[in-house]
1. What single numbered condition from (1) surrounded by 21 or more Cβ atoms within 10 Å (Cβ to Cβ); (2) modelled with pLDDT of 95 or more fails to hold for Thr129?
2. Pick from the stretch 211-265 the residues that are among the small types (Gly, Ala, Ser) and in a strand (DSSP E or B): which of them is farthest from Ser186 (Cα to Cα)?
3. Just one of the numbered conditions (1) under 16 Å from the mean Cα position of the chain (by Cα); (2) open to solvent by 60 Å² or more (accessible area, probe 1.4 Å); (3) not basic (Lys, Arg) is not true of Glu219; which one?
4. Would it be correct to say that Lys43 is modelled with pLDDT of 90 or more and on the phi < 0 side of the Ramachandran plot?
5. Return the residues of the stretch 131-146 that are assigned to a helix (DSSP H, G or I) and touching a residue at least 24 places away in the same chain (Cβ under 8 Å); say none if nothing qualifies.
6. If you go through the stretch 50-92 one residue at a time, how many are among the β-branched types (Val, Ile, Thr), modelled with pLDDT of 90 or more and assigned to a helix (DSSP H, G or I)?
7. Looking at Gly107, is it part of a strand (DSSP E or B), modelled with pLDDT of 90 or more and more than 16 Å from Arg184 (Cβ to Cβ)?
8. Given (1) open to solvent by 60 Å² or more (accessible area, probe 1.4 Å); (2) in a helix (DSSP H, G or I), identify the lone condition not met by Glu163.
Amino acid sequence: MAEHMTEDQGGTRPTAADEARIPTVIADDLHIVYRVYGTGAGKGSATAALNRIVRRRPSVGVREVHAVKGVSFTAYRGESIGLIGSNGSGKSTLLKAVAGLLPAERGKVYTHGQPSLLGVNAALMNDLTGEKNVLLGGLAMGMSREQVRARYDDIVDFSGINEKGDFISLPMRTYSSGMAARLRFSIAAAKDHDVLLIDEALATGDRAFQKRSEARIRELREEAGSVFLVSHNNNSIRDTCDRVLWLERGVLRMDGPTDEVLAAYEEFTHA
């Protein structure tokens, strides 16, 4: 990572214990703004947009959504960090920004290595068989063909999609959404990551698959990676994460040990 990693973040000087650890992600006063065009009545059609281009008139009815507001944190190697918050609080937006998929309006994100956002790096193709998607998804995650072949059986077994038939040889379009999500997670989890970003993946599948996924996340942490997990299932967060970031309306409301943050969040949601 660049020399920016040695700078103080959010005005708080790192402790000696922090300096002994290796940072993997730094968000420094991060702001993410979406711009939604054509929000005025009757102004959002393709014909209206073409007319504005032809007439060289500026777009009207632009609405800004300030999805992430001044978020700062440092993640360290070996941590598993849960992201919690109400719907629309900015959790998924923050993951996409860390993955480099959304530009910052203000502030910076620094990462060590290449972050992998589950479901993006291992993008699957509906017209291809599950078998071919394992190969393509593994290549997209940065594995060699030999590595994918060596881990192929483990990927299929982990996903559990063949438990009721030879689904791996069928096109992805024949899969349920849960089967596709399990295969996607299995491909991503087959590789060691510097930073793995997971958005609601553990909400799919039965409890047995969730338990396998949680165990694999713990292994990824122990293999010197960092894991970020967005989930509305507080039990999955408790079982998987040692630290939690709580966002509300784009603001980082609390950052701390899992039990403390979840207790505060549950009190907030039940108030």
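1. (1)
2. Among those residues, the one meeting the criterion is Gly256.
3. (1)
4. no
5. Correct list: Glu131, Asn133, Val134, Gly137, Gly138.
6. Residues flagged as among the β-branched types (Val, Ile, Thr), modelled with pLDDT of 90 or more and assigned to a helix (DSSP H, G or I) within the stretch 50-92 amount to 0.
7. It is true that Gly107 is part of a strand (DSSP E or B), modelled with pLDDT of 90 or more and more than 16 Å from Arg184 (Cβ to Cβ).
8. Here Glu163 clears every test but (2).
The values are calculated or read from the model by the stated rules, or taken from the named source; none is laboratory data. For clarity, every value in this text was computed on a predicted model and none was experimentally measured. All Cβ positions, glycine included, derive from the backbone under ideal geometry; neighbour counts span all protein chains shown. Just the protein is used for accessible areas: all its heavy atoms, side chains included, with ligands, DNA and RNA removed. Shrake-Rupley method; radii C 1.70, N 1.55, O 1.52, S 1.80 Å.
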